[in-house]
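Just below is one structure, and these are the notes that go with it.
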Amino acid sequence: MKTENRSLLIEGAKSFGMDLTEENLLAFERYLRELLKWNQKMSLTSIHQEHEIILKHFLDSLSVVPHLTGVSSLLDIGSGAGFPGIPIKIVLPSLEITLIDSVLKKVDFESHIIRTLALKKIKVIHGRVQDKEIIETLREGFDAVIARAFSNLETLLRLGVPFLKPKGILLAMKGKTMEGELKQLTQLSPLPYRLIKTFRFLLPFSSIHRSILLFEKV
């Protein structure tokens, strides 16, 4: 990892209230190296530049960490190349995390990273959250469900319901615009949630807008 990109990761994490340890930094460096290597053989992410991966994948993933206080189990829906679940796991090692994705090559990569970084209490499932077997196996098993740039908000809320414990939280990671999706929710059949908070921010040292919406299952 280039010196300037290492500094971006360190200072960016600080902006979210985290002081990365040397062990954390080594884990992110290995993750970055493996992602770049695998991405040459298969398309895991459309982002190929080291700086962009750190900003748009690593730091974007870490932006939710301040909102996971009191959460001990997390389901990451549509985790892709491991975002946001694996970066969260690196900085919150005690958190139990389950990743789920329908694309086998991405699941294979996630499994490889988990082995490479020797991460514990994290597993990967190949499948779709709509699958009856997955729903029954994981029903009401999580304090929190999270998804990043996954489908539309209504779909995410409906898919997340079965997996959340009562009063569990769903975190929807979105871009700049999400007011339209929120407005649309009010025009649909009521969902078993209440919107707790909406956070809008810029990714560190950039002009990239992000939003995090927190819903509580009621």
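The values are calculated or read from the model by the stated rules, or taken from the named source; none is laboratory data. On a predicted model such as this, the values are computed, not experimentally measured, just so you know. With ideal geometry, Cβ positions are generated from the backbone for all residues, glycine too; neighbour counts draw on all protein chains shown.
Brief remarks follow.
- Residue in the stretch 172-218 that is surrounded by the most Cβ atoms within 10 Å (Cβ to Cβ), counting only those that are of a type in the set (D, E, K, R) and over 21 Å from residue 67 (Cα atoms): 181
- Checked against (1) hydroxyl-bearing (Ser, Thr, Tyr); (2) exposed (fewer than 15 other Cβ atoms within 10 Å of the Cβ); (3) under 17 Å from residue 82 (Cα atoms); (4) at pLDDT 95 or above, residue 31 meets all criteria but (2).
- Counting only residues that are assigned to a loop (DSSP other than H, G, I, E, B) and within 12 Å of the chain's Cα centre (by Cα), the stretch 72-113 holds 7 of them.
- Flag if residue 155 is assigned to a helix (DSSP H, G or I), out of contact with any Cys (no Cβ under 6 Å at 6 or more places or on another chain), farther than 19 Å from residue 67 by Cα and at pLDDT 95 or above: no
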